[in-house]
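Chemist: Sharing a structure, written as structure tokens. Questions coming.
The values are calculated or read from the model by the stated rules, or taken from the named source; none is laboratory data. Note that the coordinates shown come from a computational prediction; the quantities given were computed from them, not determined experimentally. Every residue, glycine as well, gets a Cβ built from its backbone with ideal geometry; the counts of neighbours run over all protein chains shown. Quick note on the areas: whole protein, heavy atoms, side chains included, nothing else; ligands and nucleic acids left out. Shrake-Rupley method; radii C 1.70, N 1.55, O 1.52, S 1.80 Å.
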Amino acid sequence: ASLTAGSGIPIRDLQGAFSVTQDRIDVSRLQADVDGIPCRGAGGWAWNGSGQATAELGPADLARIPDLPPEAALRGTVRARVQASIRQGVAEVSGTAAAERVAIRGFSLGDGSAQFTLQGGEVRAEATFPEMRLSATARGQLDRKDPLAVRIEARDLALGPILRGIDRVKDSGLDGTVTALAEFLIPASQPSAARGTLTLDPVRLTLVGEEWTNRGPVSLRWEPTGLQVERLTLA
């Protein structure tokens, strides 16, 4: 009826059915509530070291993600499906996720989807939020110290809803749209050490009744020490 795992993670209502032979163990059904997240799965494992499994998770509340900074104010729900296999000591994992009503700091991203693969220590992932014309990809080696390469694209992104969530500029009256391309290198063990570039083109701003547009791409560089504006020309 109740178990705990790891650092006190509660597991409730664990139910399953399995069979064991001299060659393998097969789990035809396994389900539980893990820290409030419904989980279901099945799979098999041969004593020679090969096996496969599938799992479904959710719906899960994004606000309950462990160690998430409170200021992120992440909201929404997500469902995920994961498939995994091990053959000759090589693990392959793939999965898909569907998110609903996602919001960050009060800024709505809407519904989105994601998929990922992990093969030979390399992870590849991509996510899209069609309502916001927002997409992101990530790629890197998990078993190395090399950072993850992350690319984010946003087309005709409305600035008003974003700026209203920032105290210093929420009453400035600034509005408009931008198309942005961000490319970052993010160490998996220390995300705060991320560095990368942000290119904005086109930029259309409205401030105090006046319109501002860019003359050439706006280029910014992000380093762990702060943000540097490399090129900014507005008319």
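Chemist: Identify which of 64, 40, 124 has the largest mean-square fluctuation in a Gaussian network model of the chain, with springs joining Cα atoms closer than 10 Å.
Modeler: Result for the chain, Cα springs under 10 Å: 64 fluctuates most.
Chemist: In the chain, with Lys and Arg counted as +1 and Asp and Glu as -1 at Cβ, which of these residues, 178, 135, 77, has the Cα nearest the positive end of the dipole, that is, farthest along it?
Modeler: So the residue we want is 135.
Chemist: Using a 1.4 angstrom probe on heavy atoms only, work out the carbon and sulfur share of the accessible area of the chain in %.
Modeler: C and S atoms contribute 55 percent here.
Chemist: Compute the accessible area per residue over the chain, keeping the other protein chains in place, probe 1.4 Å, unit Å².
Modeler: 66
Chemist: Loop-only trypsin sites (Lys or Arg not before Pro) in segment 72-111, please: DSSP not H, G, I, E or B, and at most 14 other Cβ atoms within 10 Å.
Modeler: Listed in order of number, the matching sites are 105.
Chemist: With bins 10 Å wide starting at 0, give me the P(r) of the chain over every alpha carbon pair, in whole percents.
Modeler: Histogramming the chain at 10 Å steps yields 7, 21, 32, 21, 11, 6, 2, 0 percent.
Chemist: Once you charge only the Cβ atoms, +1 for Lys and Arg and -1 for Asp and Glu, what is the size of the charge dipole of the chain about its Cα centre, to the nearest 20 debye?
Modeler: Computed about the Cα centre, the dipole is about 180 debye.
Chemist: Something else about it: Computed over the Cα atoms, what is the radius of gyration of segment 95-152 divided by 2.2 N^0.38 Å, N being its residue count?
Modeler: 1.27
Chemist: If you average the sequence gap of Cα pairs under 8 Å that are 6 or more apart and divide by the length of segment 94-211, what percent do you get for the contact order? Don't jump to the answer; show the numbers that get you there.
Modeler: Details: 253 pairs, mean separation 19.5, N = 118.
Relative CO of segment 94-211 lands at 16 percent.
Chemist: For segment 55-144, what is the charge dipole size about the Cα centre, in debye to the nearest 20, if Lys and Arg each add +1 at the Cβ and Asp and Glu each add -1 at the Cβ?
Modeler: 80
Chemist: Given the C-alpha centroids of segment 1-63 and segment 116-174, what is the distance between them in whole angstrom?
Modeler: Distance between centres, Cα-based: 31 Å.
Chemist: Follow-up. Based on Cβ point charges of +1 for Lys and Arg and -1 for Asp and Glu, what charge dipole magnitude is obtained for segment 103-235 about its Cα centre, in debye rounded to the nearest 20?
Modeler: Around 240 debye, computed over segment 103-235.
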